[in-house]
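Read-outs throughout are calculated quantities, based only on the coordinates presented, and are distinct from any laboratory measurement. Because the structure is a prediction, the values reported are computed rather than measured. Note that we place each Cβ from the backbone using ideal geometry, even for glycine, and neighbour counts take in every protein chain shown.
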């Protein structure tokens with residue numbers, strides 16, 4: 001039973017996520033990223049070498065090679081992924097609960 005209104009004009013929704021990961025094992029993270037790069041048949045030798053160098057130089061790059069935004073929305077009914085872009089970077093992090101405590105103390 002389809003009760004949604006039908007529109008001839010495509011509708012797009014931009015989904016923004018802000019995720020903070022705590023790295024508890026740098027070695028395991030880098031090893032998993034290197035394994036993912038090694039098994040990526042879409043990378044040529046030059047791209048693979050660049051990816052390995054990026055992972056070695058910046059831990060956050062490891063996450064970029066392990067996160068798949070396509071998989072995140074693959075099972076959302078009635079949608080098709082139009083575009084995806086993502087990046088990872090090191091960040092200073094203060095849990096939201098601590099920010100609230102700091103504001104209450106001021």
Please list 22-30, 64-72 highest first by mean number of surrounding beta-carbon atoms within 10 Å per residue. 64-72, 22-30
Residues of the range 8-35 with backbone N under 19 Å of the label point set 7 Å from the Cα of residue 79 along Cα→Cβ are 9-20
Ranked highest first by average number of other Cβ atoms within 10 Å, how do 42-55, 82-95 line up? 42-55, 82-95
In whole angstrom, largest first, the equivalent ellipsoid semi-axes that the Cα gyration tensor gives for the range 24-77 are 21, 16, 9
For all pairs of alpha-carbon atoms in the range 1-93, what percent lies in each bin of width 10 Å, listed from the first bin to the last filled one? 13, 36, 28, 14, 9, 1
